[in-house]
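The values are calculated or read from the model by the stated rules, or taken from the named source; none is laboratory data. Treat the numbers as computed from the prediction; the structure is a model and nothing was measured. Cβ sites come from the backbone with ideal geometry, for glycine too, and all protein chains shown count toward neighbours.
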Amino acid sequence: MGGIFGVASKSNCVLDLFFGVDYHSHLGTRRGGMAVYGEHGFNRAIHNIENSPFRTKFERDVDELEGHLGIGCISDFEPQPLLVQSHLGSFAITTVGKINNMDELVQTAYDNGCTHFLEMSGGTINPTELTASLINQKDSIVEGIQYIQELIDGSMTLLIMTPDGIYAARDRMGRTPLVIGRKEDGYCASFESFAYINLGYTDYKELGPGEIVFLTPEGIETLVPARDEMKICSFLWIYYGYPTSSYEGVNVEQMRYNCGKMLAKRDHVTPDIVAGVPDSGIAHAIGYANESGIPFARPFIKYTPTWPRSFMPTNQSQRNLIARMKLIPVESLIRGKKLLLIDDSIVRGTQLRETTELLYQSGAKEVHIRPACPPLFYGCKYLNFSRSNSELDLITRRIIKRREGDQADQRLTAYIDPDSTEYDGLLDEICRELKFTSLRYHRLDDMIASIGISPCKLCTYCWSGKE
């Protein structure tokens, strides 16, 4: 995933930039970066944040950087922001999104006169550099942004900082958010709407799909108006988003309460306590407990002094170990109890199975699992939700393959229908394989109702396969 933040201020913007970017740390763990423009031109700092929080790595840079314009990011993959010099002038660029047609676009860049790209480790090309190269094929930055928005298969939200101001552009289909904040001496652009509140900014506007604006310390100019069609990622509310954020006017924490409430309305089990897997399952569990009247409790606690962030390494064996190390059981709340546990989702199933085993080892009598979203049947094509190489990494697809063999893809639609016998059979097998007492997923129609905006404006591809 990743998050971006930008500031255009009449005074030195570095502290606002520093804290604004830091408030996106829940969205990535690989790289952090800040770029500023001031009296002495462009300056930039990028650090690896895999083993140390953003603030720790960038504290020294705050004293060294100076400028009235700034952009920054938390990135789960490529180093950025990048500094670029071209026929469009000098600029800094940072992006969040996913490019599925990288090879095709690299060839397009070569065909249009680009001679080379700098390789990252592993021999890959930085997607942000490719984006900048394609923008430079046009006669203006705005034309270039519109050009790449049409070319990219996936999604692309970005900030471009020039000596005159900052271009802020939301993805063409609005799959990721971009919000403008305002205070007396300037403006900011932020992926997360809460990131600027403690810095003294108030909400100014949320960019619409494909909208492009230009920020200066004096004001905001709309360069390209918003499109009508939108497909914002539903998983922002289920998992990615921080509880204090809102997207399209819907707060993340409130949506998760709604989600748990609707799960409880369809349920018939009578556990002793309801619990959420820290941290993203907790609000869902509170909503369930409030509706059902069953007490909410914390039968295990995340060890936050050294495991404060939710994202983990891409290596699956390391992920499993870290997931186990994070959670410490509270035996007096577990032994002899019937537990109902809510997690944001089940992807591979490995971590939730180990969590369930931990609860049984601590004396749990029953463990009922209620994921806060429907079964995942497709890998995300639009955001870097998972870096899996195959959809068979999903427990649903593995089990369907086992049941249907070579006909698995043709039979998939039947398993997606929550009222089908195939769906019931799939859930029974997942339940047995992961050793749950019972399993009931959130229905897609209920999840959409929990968000509360028009279904046609939501992307639900990973659950439904429909774009």
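Residue-by-condition table, conditions (1) at pLDDT below 95; (2) part of a loop (DSSP other than H, G, I, E, B); (3) touching a strand residue (DSSP E or B) at 6+ places or on another chain (Cβ under 9 Å); (4) surrounded by fewer than 18 Cβ atoms within 10 Å (Cβ to Cβ):
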residue	(1), (2), (3), (4)
His368	no, no, yes, no
Pro371	no, yes, yes, no
Lys381	yes, yes, yes, yes
Phe385	yes, yes, yes, no
Ile400	no, no, no, no
Asp446	no, no, no, no
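Confirm whether Ile286 is under 23 Å from the mean Cα position of the chain (by Cα) and either hydrophobic (A, V, I, L, M, F, W, C) or at pLDDT 95 or above (or both). Yes: the conditions hold for Ile286. Every condition in (1) without any contact (Cβ under 8 Å) to a residue 60 or more places away in the chain; (2) surrounded by fewer than 23 Cβ atoms within 10 Å (Cβ to Cβ) is met by Leu17 except one, and the failing one is (2). For the stretch 104-144, a tally of residues being among the aromatic types (Phe, Trp, Tyr) and part of a loop (DSSP other than H, G, I, E, B) returns 1. Entry remark, the stretch 421-444: residues being crowded, with 17+ Cβ neighbours inside 10 Å, in a helix (DSSP H, G or I) and of a type in the set (Ser, Thr, Tyr) number 1 in total.
You will find that of Asn12, Asn43, the residue that is in contact with a strand residue (DSSP E or B) (Cβ under 9 Å, 6 or more places away or on another chain), part of a strand (DSSP E or B) and assigned by TED's automatic domain parsing to the domain that holds Glu218 is Asn43 and no other. Restricting attention to the stretch 82-103 and to residues that are more than 29 Å from Cys233 (Cα to Cα) and not in a strand (DSSP E or B), the residue that is nearest to the chain's Cα centre (by Cα) turns out to be Leu88.
Considering (1) surrounded by 21 or more Cβ atoms within 10 Å (Cβ to Cβ); (2) modelled with pLDDT of 95 or more; (3) in contact with a helix residue (DSSP H, G or I) (Cβ under 6 Å, 6 or more places away or on another chain), the lone condition that Gln351 does not fulfil carries the number (2).
Go through the stretch 178-192 and report how many residues are in a loop (DSSP other than H, G, I, E, B) and surrounded by fewer than 24 Cβ atoms within 10 Å (Cβ to Cβ).
The number of residues fulfilling the criteria is 2.
Just one of (1) more than 18 Å from Leu458 (Cα to Cα); (2) in contact (Cβ under 8 Å) with a residue 24 or more places away in the chain fails for Ile232. It is (1). Of the residues making up the stretch 402-420, those that are assigned to a helix (DSSP H, G or I), surrounded by 12 or more Cβ atoms within 10 Å (Cβ to Cβ) and not small (Gly, Ala, Ser) are Arg403, Glu404, Leu412, Thr413, Tyr415, Ile416. Quick check, is Glu39 of a type in the set (Asp, Glu) and free of Cβ contacts under 8 Å to residues at least 12 places away in the same chain? Against the criterion (of a type in the set (Asp, Glu) and free of Cβ contacts under 8 Å to residues at least 12 places away in the same chain), Glu39 does not qualify. Inspection of the stretch 193-208 identifies at least one residue that is on the phi > 0 side of the Ramachandran plot and part of a loop (DSSP other than H, G, I, E, B).
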